[in-house]
Structures are given as structure tokens and as C-alpha cells.
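Student: One structure follows; several queries about it will come next.
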């Protein structure tokens with residue numbers, strides 16, 4: 001479904017990721033793991049067209065999307081839920097969700113998708129008239145994920161969904177992500193909480209200083225002495 005080959009990208013003359021090779025299959029949950037500054041978020045931004053690749057290629061559903069503008073990439077079925085949630089605080093929950101269905105294909109099925117989102121996140125249905133800025137961090141994260149789902153994506157990219165959340169709220173958020181994945185949606189998850197992420201994804205890539213230093217199944221990475229020492233505190 002998604003294939004990154006030799007991807008290099010960064011900001012100005014400063015490279016953030018170097019020679020990245022990543023594959024996400026249809027319906028698969030894959031993790032991008034590593035410490036802060038490893039290049040995880042830049043990789044997602046490059047996929048969604050917010051950061052331009054300096055070399056290498058990005059293919060989605062066998063189509064080269066490396067040079068496409070962000071709106072075209074979204075139209076093809078990639079939804080990017082950014083780090084820090086970035087909801088529109090002065091708009092209601094419902095208005096935030098409706099903005100997520102801005103492309104023609106998603107707009108046509110907006111009512112049905114909204115019912116699906118409310119089924120996954122009942123609190124959003126209860127708070128549909130509430131201003132997003134008055135919600136808790138966990139509720140805003142649910143709203144950000146729900147807004148991504150309103151695009152009717154084939155691939156949902158999540159950037160640090162547990163950032164700033166209490167452990168109990170993190171658990172609830174990951175349970176919802178698991179529920180979304182169980183519907184058959186492919187998920188690419190960026191997460192610093194390595195131990196929690198490895199309980200959700202089937203495979204993962206470990207990034208360090210902009211490069212992939214390890215890759216493997218969740219079981220392989222969980223049992224890796226290097227991962228235990230560097231990321232699991234064992």
C-alpha cells in the first residue's frame with residue numbers, strides 16, 4: 001500500500017531523515033518508534049506532502065506521490081493526525097469533524113462517516129455542540145483522530161497520540177486506535193511510548209538520528225536486548 005524508498009527529507013539544508021525504506025501493507029498497523037528528534041514526525045510530514053523529499057520516492061497504491069501537493073495526497077486516502085492534536089479551538093466538535101470531510105469523496109458520505117466516528121467516540125456525539133478548545137486533552141485527541149477518519153482514509157497516520165496524556169487516558173486512546181485498526185484500516189503510528197506502541201502494531205521500524213536502525217515484528221523488537229535497554233528501561 002505505502003512504500004518509501006531511499007527517502008531523504010529535511011528543513012532547508014538540514015536533513016532530518018536519510019535513506020529511509022519503509023513499507024505498510026493494506027490493513028496493517030506499523031510503528032515508527034524512537035526518541036524525540038529521531039525523524040519520525042518528519043517522515044509522516046514527507047508522506048503527507050508537508051515536507052518535500054530531497055531524494056528517494058514515496059508510493060501509495062502503486063502511485064508515485066513524492067511531488068504531489070498535500071491536498072492531492074489526502075484525496076488519495078492518506079489522513080494525517082498531527083502531533084499536538086491541532087483542533088480548531090473556536091469551532092464546535094461537529095464543525096471540526098465536518099472540516100475533516102472536505103474532499104468531494106468524503107463529503108458525499110459525510111453523514112455515514114459521522115455516525116461511524118460517533119460510534120467509536122461516543123463522547124464526541126455527546127459534546128458535538130461544545131467548543132473544541134474547552135475539551136480536555138484526551139477528548140481533543142479523540143476529536144483529532146475522528147477528524148482524520150472523516151476523510152474516509154485508506155491509511156491513517158497518527159503522530160504521537162499519547163503526547164501529554166495521563167496513563168489512563170493513553171490506554172483509552174490506544175484502545176480506540178486498536179478498534180479503528182480492527183475495522184480493516186491501515187495505521188502508521190509514530191510514538192515515543194515504545195512499549196505501548198508494540199502492543200498495538202504488527203511490525204515496527206526504530207529510527208535514530210534520521211535513519212532506520214532496526215526493523216522487525218513486535219515480538220522481535222520486544223525481545224531485542226537493544227530495544228529493551230534503549231527504549232523499554234529493562
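The values are calculated or read from the model by the stated rules, or taken from the named source; none is laboratory data. It should be emphasised that the depicted structure is a prediction, and the values quoted were computed from it without experimental measurement. Neighbour counts run over all protein chains shown; Cβ positions are idealised from the backbone, glycine included.
Student: What residue, among those in the range 152-167 that are touching a helix residue (DSSP H, G or I) at 6+ places or on another chain (Cβ under 7 Å) and surrounded by fewer than 23 Cβ atoms within 10 Å (Cβ to Cβ), is nearest to residue 62 (Cα to Cα)?
Tutor: 152
Student: Another question, if that's okay. I'm told residue 49 meets every condition in (1) assigned by TED's automatic domain parsing to the domain that holds residue 206; (2) surrounded by fewer than 17 Cβ atoms within 10 Å (Cβ to Cβ) except one. Can you identify the failing condition by its number?
Tutor: (2)
Student: Filter the range 36-51 down to the residues that are in contact with a strand residue (DSSP E or B) (Cβ under 7 Å, 6 or more places away or on another chain) and assigned to a loop (DSSP other than H, G, I, E, B), then identify the one that is farthest from residue 70 (Cα to Cα). Let's see the steps before the verdict.
Tutor: Restricting attention to the range 36-51, the residues satisfying the condition of being in contact with a strand residue (DSSP E or B) (Cβ under 7 Å, 6 or more places away or on another chain) are 38-44, 46-48, 51.
Now narrow it down to the ones that are assigned to a loop (DSSP other than H, G, I, E, B): 38-39, 48, 51.
On the way: 38: 23, 39: 19, 48: 6, 51: 9 Å.
Once the filter is applied, the top-ranked residue is 38.
Student: State yes or no: is residue 44 within 28 Å of residue 182 (Cα to Cα), crowded, with 20+ Cβ neighbours inside 10 Å and modelled with pLDDT of 95 or more?
Tutor: On the way: within 28 Å of residue 182 (Cα to Cα): yes; crowded, with 20+ Cβ neighbours inside 10 Å: yes; modelled with pLDDT of 95 or more: yes.
It is true that residue 44 is within 28 Å of residue 182 (Cα to Cα), crowded, with 20+ Cβ neighbours inside 10 Å and modelled with pLDDT of 95 or more.
Student: For the range 199-224, give me each residue that is outside any strand (DSSP E or B) and surrounded by fewer than 21 Cβ atoms within 10 Å (Cβ to Cβ). Steps first, please.
Tutor: Initially, the range 199-224 is screened for residues outside any strand (DSSP E or B), giving 199-202, 209-210, 218-224.
Of everything in the range 199-224, those that are outside any strand (DSSP E or B) and surrounded by fewer than 21 Cβ atoms within 10 Å (Cβ to Cβ) turn out to be 199, 200, 202, 209, 218, 219, 220, 222, 223, 224.
Student: Could you check the range 90-129 for helices (runs of 4 or more DSSP H) lying wholly inside it with 3 or more residues that are free of Cβ contacts under 8 Å to residues at least 60 places away in the same chain, over 21 Å from residue 182 (Cβ atoms) and outside the structural domain of residue 178 (by TED's automatic domain parsing)? Please lay out each step first, then the result.
Tutor: Values: elements: 93-100, 104-108, 110-120, 122-126.
Answer list for the range 90-129: 93-100, 104-108.
Student: Here's something else I'd like to know. Surrounded by 17 or more Cβ atoms within 10 Å (Cβ to Cβ), within 15 Å of the chain's Cα centre (by Cα) and more than 27 Å from residue 117 (Cβ to Cβ), is that true of residue 39?
Tutor: Yes: the conditions hold for residue 39.
Student: Okay, moving on. Residue 156 - would you say it is in a loop (DSSP other than H, G, I, E, B) and either at pLDDT below 95 or under 13 Å from the mean Cα position of the chain (by Cα) (or both)?
Tutor: Here the answer is no, as residue 156 does not meet what is asked.
Student: Related question: Please give the number of the condition residue 74 fails out of (1) without any contact (Cβ under 8 Å) to a residue 60 or more places away in the chain; (2) within 20 Å of residue 190 (Cβ to Cβ); (3) in a helix (DSSP H, G or I).
Tutor: (1)
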